[in-house]
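The values are calculated or read from the model by the stated rules, or taken from the named source; none is laboratory data. Being a predicted model, the structure only gives us computed values, none of them experimental. Note that we place each Cβ from the backbone using ideal geometry, even for glycine, and neighbour counts take in every protein chain shown.
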Amino acid sequence: MTWPDTLRIELADTEPDCELSSTCYPFANPGREYLILQPSESGASFTVTPVPGTYRVEWFDVNGRETCSADDVTIDVVTPPFVPAGPAVLYLSRIG
């Protein structure tokens, strides 16, 4: 799958909020969807503070334009367990 085929976020419903992620590059529709850019070429770890709940997790490799799904996660504050090497985007979509 390629990035354009899988990107589903409703960007018109989101707002930037630097307080939600240590990267300072999140767009959020709080409690529903989060899109967080991790721009570092090193694939450094980061934190995200969403509204507590269960979320579907997807990664987008910025350089390779590839999508990688991960297990659904129930979170309060998350340090993503997997960060692709190089710049990446984390997409969290609330389940239920």
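Restricting the search to segment 26-43, which residues are in contact (Cβ under 8 Å) with a residue 60 or more places away in the chain and not in a strand (DSSP E or B)? Working first, answer last.
Step one: list which residues in segment 26-43 are in contact (Cβ under 8 Å) with a residue 60 or more places away in the chain, which gives 31-33.
Selection gives Gly31, Arg32.
Condition (residue is at pLDDT 80 or above, touching a strand residue (DSSP E or B) at 6+ places or on another chain (Cβ under 9 Å) and loosely packed, with under 15 Cβ neighbours inside 10 Å) applied to segment 76-95: is it met by at least one residue?
Yes: segment 76-95 contains one or more residues that are at pLDDT 80 or above, touching a strand residue (DSSP E or B) at 6+ places or on another chain (Cβ under 9 Å) and loosely packed, with under 15 Cβ neighbours inside 10 Å.
Within the set of pairs 6 or more residues apart or between chains, which connect a residue that is surrounded by fewer than 20 Cβ atoms within 10 Å (Cβ to Cβ) inside segment 45-60 to a residue that is modelled with pLDDT of 85 or more and assigned to a loop (DSSP other than H, G, I, E, B) with Cβ atoms less than 8 Å apart?
Listed pairs, sorted by first residue: Thr47/Ser22; Val51/Pro30; Val51/Gly31; Gly53/Gly31; Gly53/Ile95; Thr54/Ile95; Arg56/Ile95.
For segment 1-41, what are the residues that are at pLDDT 90 or above, of a type in the set (A, V, I, L, M, F, W, C) and exposed (fewer than 13 other Cβ atoms within 10 Å of the Cβ)?
Within segment 1-41, Cys18 is the sole residue that qualifies.
Cys68 is checked against (1) of a type outside the set (Phe, Trp, Tyr); (2) more than 17 Å from Ile95 (Cα to Cα); (3) loosely packed, with under 13 Cβ neighbours inside 10 Å and fails just one. What number does that condition carry?
Result: Cys68 fails condition (3) only.
Just to be sure before I move on: is Ala44 more than 15 Å from Val89 (Cα to Cα), over 12 Å from the mean Cα position of the chain (by Cα) and modelled with pLDDT under 90 in the structure I sent?
Values: more than 15 Å from Val89 (Cα to Cα): no; over 12 Å from the mean Cα position of the chain (by Cα): yes; modelled with pLDDT under 90: yes.
Judged against the criteria, Ala44 is not a match.
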